[in-house]
Amino acid sequence: MSEHLSSLPETKPSPRRLRLAAVIGVVLLGSIVVVGVASRISDARSLRQWTDEQAIPTVVVTSPESGNGKAPLELPAQMDAYANAPIYARTSGYLKSWDKDIGASVKAGDLLAVIDTPDLDQQLLQAQADLASARANAALAATTAKRWQVLHATDPDSVSQQSVDQYNGDYAAKQAQASAAQANFDRLKALKSYARIVAPFDGRVTARNTDVGALISADSSGMPLFAVSDTSRLRAYVRVPQVYAPSIHRGDEATLTVPEYPGKSFTAKVEADARAISPTSGTTLVQLLVDNPDGKLLPSSYASISFNIASNALGMRVPAEALIFDDHGLRVATLDAHDHVRFKAVTIRRDYGKSVELGSGLETGDRVISNPPDGLADGDPVHIARNPQPAAKPHEKA
């Protein structure tokens with residue numbers, strides 16, 4: 001069998017078939033290369049297009065709302081007592097006793113404290129003795145001068161006119177000394193009356209900074225001994241922006257609220273205003289009065305004042321995040337008809353916190369960019385966000 005197989009002739013592929021196989025291989029290899037290069041070119045073109053699209057920022061656009069001019073003007077305020085008197089000592093000594101503590105209601109003239117004044121008492125006794133001596137000297141000088149006048153009238157040759165004038169002058173000097181002694185005595189007596197510290201008006205004791213035995217100095221450089229405040233009415237001070245100053249008049253009523261009484265409001269009435277605009281804040285100081293008969297409102301506390309006034313001119317209301325403040329001033333970014341950025345300078349009329357009412361700069365129909373990205377320049381093209389979802393990269397698309 002093996003001999004039979006070995007005797008068969010060997011078959012070799014013909015040259016024609018080999019050339020055909022080589023051509024087919026080259027065609028297949030060229031097709032693979034062309035397909036790969038075309039795929040890479042397509043991917044590079046898609047990536048470049050996606051990169052160019054991402055270089056153009058996508059922004060959120062909002063339309064400004066027209067202000068209705070009827071929203072109340074709400075501003076922070078500070079309340080003070082209608083009258084507040086820090087009480088200092090007018091005479092030195094030691095505090096003997098005090099009668100009113102903080103929170104006590106007082107009437108005008110009520111005793112607050114008594115100062116023991118041993119030094120002043122001795123000065124007063126000395127002044128009284130000096131006054132008695134001066135009066136006695138003045139009386140003696142008066143008698144002497146009168147006698148010399150009588151002698152000169154009776155016998156002009158025995159008594160000279162100069163002697164009469166001399167005694168008359170001595171009497172005038174002694175009389176002046178008596179008047180000075182009287183004034184000194186009255187001064188010390190008045191200082192002694194200040195040893196009784198009394199309330200200057202009806203109110204409430206809001207501070208007591210002394211105690212029995214404390215050394216009292218008669219000056220106003222240190223801390224006051226007491227403070228008395230009239231809290232039956234309170235003054236509320238508020239700074240009103242310049243644009244609303246002409247709309248607030250004396251006698252207008254406003255609503256006052258405080259955080260310690262949520263849901264409760266008080267009526268305040270405009271009493272006066274500064275009639276001047278502060279150059280640093282662009283506001284005018286307005287003073288209001290609010291009745292406080294039950295003492296619920298506390299002086300020196302903060303409150304919120306709401307004025308029910310209307311705007312003379314309607315403004316445009318935009319989100320606060322749309323404002324841009326840089327070296328060009330206060331601006332907002334808007335879009336033109338071709339979706340290119342156009343910056344506009346604006347002014348603020350009223351601040352609502354999350355939104356602001358602009359007094360100038362915008363027109364009805366303007367498209368405002370909310371929260372514009374950094375680096376945005378005038379004339380830049382932008383995409384308007386239709387859906388706040390981030391754009392997917394080309395290879396991430398389904």
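Laboratory data are not the source of any read-out in this text; all were calculated from the coordinates shown. A quick note: this is a predicted structure, and the numbers were derived from the prediction, not measured. When we count neighbours, we look across all protein chains shown, and the Cβ atoms used for this are built from the backbone with ideal geometry, even at glycine.
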For this session: Using the Karplus curve 6.51 cos²θ - 1.76 cosθ + 1.60 with θ = phi - 60°, work out ³J(HN,Hα) for each residue of the range 352-362 in order, rounded to whole Hz, and write x for Gly and Pro.
Result: 9, x, 6, 9, 9, 9, 8, x, 7, x, 10
Exercise. In terms of Cα to Cα distance under 12 Å, which aspartates and glutamates are near enough to Lys96, apart from those fewer than 8 places away along the same chain?
Worked result: Asp116, Asp211
For this session: Could you list which residues have their amide H under 5 Å from that of Ser92, counting only those 5 or more apart in sequence or on another chain, with H placed in the peptide plane?
Result: Ala218
Seminar exercise, completed: Any residue on another chain or 5+ positions along whose placed amide H is under 5 Å from the amide H of Thr283 is listed here as Ser278
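I'd like to know how the range 84-126 sits against the 2.2 N^0.38 Å rule of thumb: what's its Cα Rg over that expected value? It would help to have the intermediate numbers written out before the result.
Details: Rg = 12.9 Å, N = 43, 2.2 N^0.38 = 9.2 Å.
Rg over 2.2 N^0.38 Å, computed on Cα atoms: 1.41.
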Exercise. For the range 268-391, what is the largest minus smallest coordinate of the Cα atoms on each principal axis, given in angstrom and ordered from greatest to least?
Worked result: 64, 34, 26
Problem set entry | Derived scalar couplings ³J(HN,Hα) [the range 81-95; Karplus, 6.51 cos²θ - 1.76 cosθ + 1.60; whole Hz; x for Gly, Pro] | 5, 4, 9, 9, 10, x, 10, 9, 7, 9, 9, 8, x, 10, 5
Problem set entry | Local electrostatic count, Pro64, Cβ distance below 12 Å [Lys/Arg +1, Asp/Glu -1] | -1
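Treating the beta-carbon of each Lys and Arg as +1 and of each Asp and Glu as -1, no other charges, what is the dipole magnitude of the chain about its Cα centre, to the nearest 20 debye?
Details: 41 positive and 44 negative charges, 243 e Å.
That gives the chain a dipole magnitude of about 1160 debye.
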For this session: Averaging sequence separations of C-alpha pairs under 8 Å and six or more residues apart, then dividing by the length of the range 300-359, give the relative contact order as a whole percent.
Result: 33 percent
Problem set entry | Calculated log₁₀ intensity ratio I(q)/I(0) where the Debye formula runs over C-alpha points of the range 86-204, q = 0.14, 0.15, 0.19 Å⁻¹ | -0.71, -0.76, -0.95
Problem set entry | Neighbourhood charge, 13 Å Cβ-Cβ cut-off, centred on Pro299 and excluding it, Lys, Arg +1 and Asp, Glu -1 | +2
Problem set entry | Subset of Lys100/Lys296; Lys100/Lys264; Lys100/Lys269 violating a 23 Å alpha-carbon distance limit | Lys100/Lys264; Lys100/Lys269
Seminar exercise, completed: Counting sequence-distant residues (5 or more places) and residues on other chains, those with an amide H built under 5 Å from that of Val198 are Leu112
For this session: State the answer as a single residue: which of Thr267, Ile384, Val356 lies farthest towards the positive end of the charge dipole of the chain, with beta carbon charges of +1 for Lys and Arg and -1 for Asp and Glu, about the Cα centre.
Result: Ile384
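Just add up the charged neighbours of Ala333: K/R +1, D/E -1, any other residue whose Cβ is under 13 Å from the Cβ of Ala333. Mind dumping the intermediate values first?
Details: positive: Arg331, Arg342, Lys344, Arg367; negative: Glu321, Asp326, Asp336, Asp339, Asp366, Asp374, Asp378, Asp380.
So the environment of Ala333 carries a net charge of -4.
Run the numbers on the range 127-180 and let me know its relative contact order in percent, using alpha-carbon pairs under 8 Å that are six or more apart.
Numbers: 38 pairs, mean separation 27.2, N = 54.
Once divided by the residue count of the range 127-180, the mean separation gives 50 percent.
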Seminar exercise, completed: Across all Cα atoms of the chain, Rg and the largest Cα-Cα distance (Dmax), in Å, are 49.2, 204
Exercise. Can you work out ³J(HN,Hα) from phi for every residue in the range 294-307, in order, using Karplus 6.51 cos²θ - 1.76 cosθ + 1.60 and θ = phi - 60°, giving whole Hz and x for Gly and Pro?
Worked result: 8, x, 5, 7, 10, x, 6, 9, 9, 9, 10, 10, 10, 9
Exercise. Mind checking which aspartates and glutamates have their C-alpha under 19 Å from Lys354, skipping anything on the same chain fewer than 8 residues away?
Worked result: Glu65, Glu74, Glu321
